[in-house]
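Student: Pasting a structure here, questions to come.
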Amino acid sequence: MAEMKVIKMIAIDVDGCITPGEGEAANLGVLKKLNEFNMHSASDPAVPALTLNTGRQQPFVDLMCQMIGTRVPALFENGAGLYVPETYEFLYHPSITGEWFDRLAEFKKVLKKEMVLARTAKLQPGKEVSFSVYPEKGFTVEDNARQLGEIFEKTGYEFDLDVSILCINILIPGLDKGAGLLWLADFTGLNTDEMGAIGDAPGDLPAFELAGVSGAPAQAEPEVREAADYKALKKNGRGVISIIEEVIHRNRELLK
């Protein structure tokens, strides 16, 4: 059995975890509590620093980090981007070359023509390297997935699809939340077994596989709860808080 390590940082998904999800009102009490955890992390070794590992775009992550008091780097666009609050930098994964940026810009035009203008899907604005499409009225996520498969076959583009309940994340092959967690670990000098991961959807599982501990709120998808070390009894942000409290308790026991 691997040695248990003190968890020094927890990377948390936003939609369905910190907040109830897209278009839903955030629980301000949850944001305040997460901010308090981050304040205490500076002086209490049992309290891990809290950061983000989300599919959301750069400006959203900047604001959310301000709200919960995150001062360590945070991941955006499903691990393809890294926000560094200390220097206010938005970095892209080292594997994303100039050629990839050109290819992504071309593919975004294809998405707008084939799906947005055809009114089969909406494209979440503000993303540069990881696109998210939401079905329009009368269409389903499964319909969009089939259409994307047809587009790939017709155009020769190759991307990974992270299919969730509400949308489809279109990812550069091999660049997911697990790759992002590895990048965050390298950037901060931590090992992944000193990091936690909290999520609610299958796209969070690659990070679960690498993290020292993992957690899922009550409403998380069944396969995610099955994989999680900590299965909260509360939904969304309240569930996240309970998981963090369990990790803090675990850390205190290890630090005795």
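Student: List the GluC sites (Glu not before Pro) in the stretch 199-256 that DSSP assigns to loop (not H, G, I, E or B) and whose Cβ has at most 12 other Cβ atoms within 10 Å. Which are they?
Tutor: Filter output for the stretch 199-256: empty list.
Student: I've got another one for you. Karplus couplings for the stretch 23-28 from phi (6.51 cos²θ - 1.76 cosθ + 1.60, θ = phi - 60°), rounded to Hz, Gly and Pro as x?
Tutor: x, 9, 6, 6, 8, 5
Student: Next question, about the same structure. Past the 19 Å Cα-Cα mark, which pairs from Lys113/Lys177; Lys122/Lys235; Lys127/Lys177; Lys108/Lys137?
Tutor: Lys113/Lys177; Lys122/Lys235; Lys108/Lys137
Student: Okay, next question. Using a 1.4 angstrom probe on the protein heavy atoms only, line up Leu184, Leu233 by accessible area, largest first.
Tutor: Numbers: Leu184 0, Leu233 165 Å².
So, going from the largest accessible area down, we get Leu233, Leu184.
Student: For the stretch 116-197, calculate the relative contact order in percent as a whole number, restricting contacts to Cα pairs under 8 Å that are 6 or more residues apart.
Tutor: 23
Student: Something else about it: What is the angle, in °, between the Cα long axis of helix 177-188 and the longest principal axis of the Cα atoms in the chain? Nearest 10 is fine, range 0 to 90.
Tutor: 50
Student: Scan the stretch 1-85 for GluC sites (Glu not before Pro) in coil per DSSP, keeping those whose Cβ has at most 10 other Cβ atoms within 10 Å, and list them by number. If you can, show how the numbers build up before the last one.
Tutor: On the way: sites: Glu3, Glu22, Glu24, Glu36, Glu77; in loops: Glu3, Glu22, Glu24, Glu77.
When the GluC sites (Glu not before Pro) of the stretch 1-85 are filtered for loop state and at most 10 Cβ neighbours within 10 Å, Glu3 remain.
Student: While we're looking at this one, here's another question. Give the aspartates and glutamates reachable from Lys5 as a straight Cα distance under 13 Å; neighbours fewer than 8 places away on the same chain don't count.
Tutor: Asp193, Glu194, Glu253
Student: I'd like to check one number: the per residue accessible area of the stretch 99-241, probe 1.4 Å, reported in Å² as a whole number.
Tutor: Ligands and nucleic acids excluded, the result is 49 Å² per residue.
Student: For Lys122, Lys108, Lys177, write out the residues from largest to smallest accessible area, computed with a 1.4 angstrom probe and no ligands counted. Could the numbers behind the result be given before it?
Tutor: On the way: Lys122 100, Lys108 55, Lys177 15 Å².
Descending order: Lys122, Lys108, Lys177.
Student: Please list, in order along the stretch 49-59, the HN-Hα scalar couplings obtained from phi with the Karplus expression 6.51 cos²θ - 1.76 cosθ + 1.60 (θ = phi - 60°), rounded to whole Hz, x for Gly and Pro.
Tutor: So the Karplus estimates, Gly and Pro as x, are 5, 9, 9, 10, 9, 9, x, 5, 8, 3, x Hz.
Student: Whole number in Å², please: accessible area per residue of the stretch 1-64, 1.4 Å probe, ligands, DNA and RNA not counted. Could the numbers behind the result be given before it?
Tutor: Numbers: 2880 Å² over 64 residues.
Ligands and nucleic acids excluded, the result is 45 Å² per residue.
Student: Hey, got the dipole for the stretch 52-122? About the Cα centre, +1 on K and R Cβ, -1 on D and E Cβ, debye to the nearest 20?
Tutor: It comes to approximately 460 debye.
The values are calculated or read from the model by the stated rules, or taken from the named source; none is laboratory data. Model, not experiment: these values are computed from the prediction. Glycine also receives a Cβ, built like all others from the backbone with ideal geometry; neighbour counts cover every protein chain displayed. The accessibility values were calculated without ligands, DNA or RNA, using every heavy atom of the protein model including side chains. Shrake-Rupley method; radii C 1.70, N 1.55, O 1.52, S 1.80 Å.
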